[in-house]
Amino acid sequence: MAVESIKIKQRFLTVCVSAVLLTCSVRAQEGGDLQARILYAYQTQDLANLREIQQTLTDTIQGGTATAAMRYHLAHADYRMGLMTGSLGKERLEDCVSQLNELLAQAEDSPEVLALQSLCYVELAKLKKLQSSLLRARAAERINRADKLAPRNPRVLLVRALGKIQPGSPPRSIPRELEECVTMFERSSATGNDAPGWGHAEAYLLMGHELRIRGDVDGARNWIEKALIAAPDFKVAQAELAQLNR
């Protein structure tokens, strides 16, 4: 009888553990799906789809069932909406900063959170001219903190590279951060359920663009095609490749 009781308990424990693992797997997959949907909407310039994702996440968080991952995804969606709506995106970028401030207040500094918030501050600085210096200073402070925590993080390197590339200015040497960034992205998976999965296609495209304006057609084509392998429907990359083929 005692042996049978032990077997029943063991079977019960096995079922419980399996249920927990399944729940974790489902949640991780949901996180991966959200990342993919946000990126796809941005890359295909589907603002309506991105608004739908943003609203769904907002409703979930306001309903009191927010997780740290959901807040990060919402901030990411807000950032992408800010990029896509130009001068009308100020509110979305402010929401991005606010969501990430919530995360920073709840836990220790995260290089991923700090890097994304730095980007939101940079875009806000372009729209809020009177506060531009302050916002850029905050952006620099955030990415410097991220760099101290994870100097080899590819998204941290991407943000630092973006800060060294000034559109419209005469091309200089490729920033070291961009070269390191694409190397790190090539070594990592383009998707992930438990970590941010954005940046691959953008980094490859940025490298291709920088090589194109320097006259390195073959090098540019290589990196732009890599961007399209990572994100086949990335409209900006498609346009860059078309320009290269003229």
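Overview of results
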| read-out | value |
| --- | --- |
| FRET efficiency, Thr183 to Asp59 (Cβ-Cβ, R0 51 Å, nearest 0.05) | 0.80 |
| Rounded accessible area per residue of segment 106-206, 1.4 Å, Å² | 52 Å² |
| Sparse-neighbour loop sites [GluC sites (Glu not before Pro); segment 32-130; at most 15 other C-beta within 10 Å; DSSP] | Glu108 |
| Protein accessible area in segment 108-246, 1.4 Å probe - carbon and sulfur % | 51 percent |
| Stretch gain in nm, segment Ser87-Glu108, where the contour uses 0.36 nm per residue and the Cα spacing is subtracted | 4.3 nm |
| Within straight-line cross-link reach of Lys148, aspartates and glutamates at Cα separation under 18 Å, skipping those fewer than 8 residues along the same chain | Glu108, Asp109, Glu112, Glu177, Glu180 |
| Phi to ³J(HN,Hα) by Karplus 6.51 cos²θ - 1.76 cosθ + 1.60 over segment 125-136, Hz, x for Gly, Pro | 4, 6, 9, 10, 4, 5, 9, 4, 4, 5, 5, 5 |
| Global form of segment 85-195, assessed from the alpha-carbon gyration tensor, a/c cut-off 1.5 | oblate |
| Charge sum, other residues only, whose C-beta stays under 9 Å from Glu177's C-beta, Lys/Arg counted +1 and Asp/Glu -1 | +1 |
| Above-threshold pairs, the threshold being 29 Å between Cα atoms, out of Lys126/Lys235; Lys164/Lys226; Lys128/Lys226; Lys129/Lys226 | Lys128/Lys226; Lys129/Lys226 |
| Cβ-defined net charge surrounding Ala140, 11 Å radius [Lys, Arg +1; Asp, Glu -1] | +3 |
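The values are calculated or read from the model by the stated rules, or taken from the named source; none is laboratory data. On a predicted model such as this, the values are computed, not experimentally measured, just so you know. Here Cβ is always computed from backbone atoms with ideal geometry, including for glycine, and neighbour counts include all displayed protein chains. Only protein heavy atoms, including side chains, enter the accessible area calculation; ligands, DNA and RNA are left aside. Shrake-Rupley method; radii C 1.70, N 1.55, O 1.52, S 1.80 Å.
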